[in-house]
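Worksheet for the structure shown next.
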C-alpha cells in the first residue's frame, strides 16, 4: 500500500501496525491523511494513523520515565502517542483505572504506562481504546485541569464526556 503511494523504502515492523519510511518530507498531517485514505481503500476499514519523524521517535524513547523497568521487562512498559500532545490531567483521569499497581506519566505530550502485572489484566487498556481515549477526550482541557479545578467544577469533564464511564 505504501509503495503504491510512492513512499520511499516503506518497511513494517513485524505485525505491530508500525510503518517506517525514508525521505518523506511532507507535513505530518498531510501524510497521515494520505495513508488513512489508502488504508481504508485497501483494507476497507478506517484507522487513525499518526506520523512522526525520526527525531520525534528518538525524543519519545529518550523520555521514557520507566527506563529501568523497560530493561527488566519491556513488555510491561507502553507509550501511547496521539496527534495532539496529551496533557498531564490525563494522569489523574486514569487514576480510577489503576487498580493493579500501574504507574502513569506524561512526558513531552506522550502517555507512558508501566504495568506491575500483565498488561491485559489492567483496566487502563479499556480506557485507552481510540474511541474513549483520543477521539473523546479534550486534551487541551485536561492539560489545564487540576484537582482543585475539578473540585470547584471549573473546566472539568462532565460525567457524560468521561471515557471512564464504562470501564
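Where a number appears in this text, it was derived from the coordinates with a stated rule and is not lab data. This one's a predicted model, so the numbers in the text were calculated from it and none came from an experiment. Neighbour counts run over all protein chains shown; Cβ positions are idealised from the backbone, glycine included.
Summary table below
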quantity: Ranked packing of 89-96, 31-38, 68-75, 49-56, most packed first, by mean Cβ within 10 Å; calculated: 89-96, 31-38, 49-56, 68-75
quantity: Rough spin-label spacing in nm, given labels placed 7 Å along Cα→Cβ, for residue 58 and residue 22; calculated: 1.7 nm
quantity: Burial order of peptide ranges 76-88, 116-128 (average beta-carbon count within 10 Å, highest first); calculated: 76-88, 116-128
